[in-house]
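Here is the structure we will look at.
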Amino acid sequence: MVTVNLKSLLIFSAFLRLFLIIYGEWQDTHMEVRYTDVDYLVFSDAAALVAAGKSPYQRSTYRYSPLIAFLLVPNSFIHPSWGKFIFSASDLLVGFLINTILKLRGVPEKLCTYSVMVWLLNPFTFTIGTRGNCEPIICAIILWIILCLMNGRLGQAAFWYGLVVHMRIYPIIYALPIILVLDPLFFQYGTKPALVNWSSRKSKSQQTSSCKKLMDPCCICNFSTSLFTWRRIMFGLISGALFFLLTGIFFFLYGWDFLHEALLYHLTRTDPRHNFSIYFYHIYLHYEHELSNLEKLVSFLPQIMVQLVLVFRFAQDFPFCFFVQTVAFVAFNKVMTAQYFVWFFCLLPLILPWTNMKLRGKGLVCILLWMAAQGHWLLWGYLLEFKGKNVFLQLWVAGLLFLAANTFVLINIIQQHTYSPVFQQSSRAASKKHVKQR
């Protein structure tokens with residue numbers, strides 16, 4: 001049987017992405033349907049404006065941090081595909097970081113490689129970077145933050161967290177689980193936090209007991225009384241300072257255009273164009289009229305409730321917590337496009353070694369159901385977009401079915417997951433706790 005190691009997997013993946021970038025150039029030139037993502041054209045135009053000393057926000061629909069435009073400035077004088085190489089390199093970096101995180105947690109090498117393959121050989125993910133989408137950069141930073149936390153490098157984790165929230169606002173949902181994880185029981189001065197090894201996975205009854213402890217009122221009360229530890233305050237100050245520093249610099253350079261397009265737009269976005277969200281049809285019908293406060297609350301409330309439950313249930317197993325948070329955030333968001341799926345695809349390999357779901361059983365059912373629900377929606381989307389048929393109602397129903405499929409898959413993933421906190425209690429913290437109890 002042929003064995004695949006990480007090095008050969010990365011080399012093959014690099015050549016695959018190089019081929020797709022070259023092929024994309026050919027398809028863009030010779031075929032009516034372009035391979036390159038329309039967002040890449042927006043990035044390139046914004047980068048050209050920056051190279052000319054102008055604001056990237058002079059390009060309509062550029063709604064990203066100026067840092068993306070800065071990264072793509074070489075598009076103007078090296079090659080138009082420069083950005084695709086940057087995004088694809090970030091894509092490969094994600095695979096490397098997945099392997100590093102899993103090995104640090106004691107996962108066997110063979111299982112690490114299979115998990116990395118789920119990212120690197122996923123058709124959805126390897127086309128994202130080669131088509132010119134910037135999401136692999138965001139994914140790489142999030143995985144680097146996870147790695148920094150595991151190694152006890154809190155200053156670095158805070159720095160990169162402030163940067164990634166500036167670049168993409170959605171990682172703000174990870175703030176609460178990170179704060180919960182920075183517990184004095186795990187982090188002691190002058191020592192690196194001890195990690196729970198993969199081989200010491202708990203039984204189903206033990207993990208259920210651990211989860212219940214997290215939700216216990218006494219546990220929540222203890223957290224509230226010890227909330228303001230110096231590590232938590234330091235993390236908040238560093239990440240917050242960097243976020244506001246970058247915001248202030250770019251506000252000085254580009255004014256309200258930056259503030260609205262890069263930040264405020266994403267907080268208040270209501271997209272009347274068809275997308276996977278269950279809210280799109282209501283927004284489409286009432287786009288000429290501003291949504292009432294009650295309507296905004298109704299759309300926001302389910303999301304925040306689900307996030308809080310997931311955080312307090314799984315925070316100590318924070319890679320898994322990040323994953324289920326992201327799936328739920330995307331599923332219940334007011335706007336949902338296919339590129340959002342990469343947000344949780346990069347976290348999926350981090351949880352696979354702890355799942356009891358078999359590919360030939362429930363795993364295959366979940367994959368087929370999710371793909372079928374998405375394909376069903378895309379069929380109606382095609383009829384609306386390319387055939388001009390009035391199928392808005394059918395498309396909305398397809399969105400409801402897709403939400404049901406996402407919910408079904410998420411519930412099964414949670415049920416089949418072996419809860420495993422990343423950190424184990426330090427010996428010094430355990431002895432102090434024992435003395436207090438006595």
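Per-residue answers, yes or no, for (1) in a helix (DSSP H, G or I); (2) touching a helix residue (DSSP H, G or I) at 6+ places or on another chain (Cβ under 8 Å); (3) among the aliphatic types (A, V, I, L, M); (4) surrounded by fewer than 21 Cβ atoms within 10 Å (Cβ to Cβ):
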position: Ile86; (1), (2), (3), (4): yes, yes, yes, yes
position: Asn99; (1), (2), (3), (4): yes, yes, no, no
position: Lys103; (1), (2), (3), (4): yes, yes, no, yes
position: Cys112; (1), (2), (3), (4): yes, yes, no, no
position: Thr125; (1), (2), (3), (4): yes, yes, no, no
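Across region 58-84, which residue is least open to solvent (accessible area, probe 1.4 Å) among those that are of a type in the set (Ser, Thr, Tyr) and farther than 19 Å from Val165 by Cα?
The residue in question is Ser81.
Confirm whether Leu301 is open to solvent by 60 Å² or more (accessible area, probe 1.4 Å), at pLDDT below 85 and within 19 Å of the chain's Cα centre (by Cα).
So Leu301 does not fit the description; no.
Asp91 passes all but one of (1) within 14 Å of Leu10 (Cβ to Cβ); (2) surrounded by fewer than 23 Cβ atoms within 10 Å (Cβ to Cβ); (3) in contact with a Gly (Cβ under 8 Å, 6 or more places away or on another chain); which number fails?
(2)
So, in region 28-38, of the ones that are in contact (Cβ under 8 Å) with a residue 40 or more places away in the chain and either hydroxyl-bearing (Ser, Thr, Tyr) or open to solvent by 30 Å² or more (accessible area, probe 1.4 Å) (or both), which residue ends up nearest to Leu253 (Cα to Cα)?
Within region 28-38, the match that is nearest to Leu253 (Cα to Cα) is Thr36.
Which residues, taken from region 79-95, are farther than 15 Å from Arg17 by Cα and under 21 Å from the mean Cα position of the chain (by Cα)?
Within region 79-95, none qualify.
Given (1) under 28 Å from the mean Cα position of the chain (by Cα); (2) under 30 Å from Thr113 (Cβ atoms), where does Thr3 come up short, assuming only one miss?
(1)
If a residue has to be open to solvent by 70 Å² or more (accessible area, probe 1.4 Å), more than 9 Å from Ala158 (Cα to Cα) and modelled with pLDDT of 85 or more to count, how many in region 222-246 make the cut?
Here the count works out to 4.
Contact list please: Cβ distance under 9 Å, first residue in region 123-152 and under 15 Å from Ile98 (Cα atoms) and in contact (Cβ under 8 Å) with a residue 60 or more places away in the chain, second residue part of a loop (DSSP other than H, G, I, E, B) and among the acidic types (Asp, Glu), pairs at least six apart or on different chains.
Pairs that qualify, where the first residue is under 15 Å from Ile98 (Cα atoms) and in contact (Cβ under 8 Å) with a residue 60 or more places away in the chain and the partner is part of a loop (DSSP other than H, G, I, E, B) and among the acidic types (Asp, Glu): there are none.
The values are calculated or read from the model by the stated rules, or taken from the named source; none is laboratory data. What you are looking at is a predicted structure, and each value in this text was computed from that prediction instead of being measured. Positions of Cβ are backbone-derived with ideal geometry, glycine not excepted, and every protein chain shown enters the neighbour counts. For the accessible areas, the whole protein counts, side chains as well, though only heavy atoms, and no ligand, DNA or RNA atoms are used. Shrake-Rupley method; radii C 1.70, N 1.55, O 1.52, S 1.80 Å.
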